[in-house]
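The values are calculated or read from the model by the stated rules, or taken from the named source; none is laboratory data. The structure displayed is predicted, hence computed values, not measured ones. Note that we place each Cβ from the backbone using ideal geometry, even for glycine, and neighbour counts take in every protein chain shown. All accessible areas refer to the heavy atoms of the entire protein, side chains included, with ligands and DNA or RNA removed. Shrake-Rupley method; radii C 1.70, N 1.55, O 1.52, S 1.80 Å.
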Amino acid sequence: MPLILILAAFAAAAMFVPALHALLREDHTVSRAFAYSGVLGLVLIGAIAVAISNQKQRESSDLSNLLSLFLAFAALPVFLAIPFYEGLRTTSFLNAYFEMVSSLTTTGATMFDTPRRLPDSLHLWRGMVGWAGGLLIWVAALAVLAPLNLGGFEVTASAEPGQGEGRLDRFERAHTGRRMASAARTLAPIYIGLTGVLWLMLTVGGDRPLVALIHAMSTLSTSGISAVGGVQNAGSGVGGEIVIFFFMFFALSRLTFSTDTITTARPGVWNDPEFRLGVGLVIGVPLLLFSRHWIGAWDDTLAEDIPTALKALWGGMFSVMSFLSTTGFQSAYWPEAQGWSGLGTPGLILLGLALVGGGVATTAGGVKLLRVYALYLNGQREMERLVHPSSVGRKGARSRRIRRQGAFVAWVFFMLFALSLAALTVILAALGVGFEEAIILSIAALSTTGPLTQVAGDAPIMLALLAPGAKLVLCAGMVLGRLELLAIIALLNPGLWRD
């Protein structure tokens, strides 16, 4: 079966979960909307499957699955939005489609600034779609993007981006469909298990079970979706933030749970450059904010006592980790961190962190830490050559590969990302969005960090007030940010159309 048909079948089956939840809460309107959509979806998908069952099916290629992945993020939200629209009945279908695109791409931007406007069952559906979108991109990174040297894998590959290369020995001998199934069987238990453990810990910490479940799913998928407006409004308090903080480390490097994308000759997660760079940012940026209280904010009237200092330090560390992993949760002590640092525009720091993003082959978005590391190595080597022009690099062949070809490909990606950001900003500005808001919206879409729209500017951006054209442009930006422009360019490969 085509990948898009399989994903639609899973989506239809998943609709019965919020249908049952709404039925138990005696919200029959929402329950019927999800139940009817699920039944009709399964019937229609079954009819299509029967109709094409007698046709001779060719084995799907990597590029055809990449096309199916693109269609899943762009077209599948139309189906996902139907029960959301019918269950709410107080919004347009375009808003419901935007909500589903935002959830499936793990962006987490929402049209509804007041969480109470949505019933709990619709919040559950948003969380489930975001969680499934995280699992989808996680599996696709291993089974589709890695063999094509996309999604950050091109930095350490010897082949060109978009060209197949047997990178992963466990899957290189299997065709794409079997590789997708094998990757799903390998990663899904880890994903489900980590979500369940975090859900249990947040529930024990004091969150309502539904709130704890949505926050757990949002943390593992880095979607930042919440039923209460963020973890700062949850019942678990700072204890829940600490638990979520440690689970966010899974978004910094794939080596925290696997060993099939090693970028160094030495084993161990601490030897992974992505993890070290991410930890350095999580520790260094909050310390800079913390130390600025004495460097440049002498007129600050905040009491210089130990509890306030610890709150400010923790608020900075949690928020930095959250936006670096493109989750977008804001600590309850982030206002203390802002006041302690004395910065007038702390949103710029969050924008920069979201642009950097998390690790390769994780659910995090952004530019990715491995590309930043490749450019750092290249810059370091160029500075050495300025001092000693005839010097020879001291690292091994793998490091030289990252420093040369990897840095070149990373720089190409940076330029494509900058062009995408500029184009998206210009289009939004032409559609009537203010320049500052257009930049924030563009970065939020391309880095899949929707909560930036609420915390990066001087005032929250009301997405529901945007023009319909601007909403569609943001939807395209979120899909582009999730798959990355290199993957979209790979779809233009003539081999895809010959197949």
Rounded to a whole %, the carbon-and-sulfur portion of the accessible area of the chain at a 1.4 Å probe is 65 percent
Can you work out the accessible area per residue across the chain, with the rest of the protein chains kept in place, probe 1.4 Å, in square angstrom? 43 Å²
Mean Kyte hydropathy of 0.5 or more with a Cα span along the axis of at least 20 Å, helices from DSSP in the chain: 28-52, 120-140, 176-205, 273-295, 306-324, 407-430, 468-483
Could you bin all the Cα-Cα distances of segment 7-102 into 5 Å bins starting at 0 and give me the percent of pairs in each, rounded to whole numbers? 3, 13, 18, 21, 19, 12, 8, 5, 2, 0
Using 7 Å Cα-to-Cβ label points, what is the V387/D458 separation (nm, one decimal)? 4.5 nm
In cubic angstrom per residue, the convex hull of segment 323-476 built on its Cα atoms measures 153 Å³
What length, rounded to one decimal in nm, is gained on full extension from M415 through to R276, with 0.36 nm per residue of separation minus their alpha-carbon distance? 47.6 nm
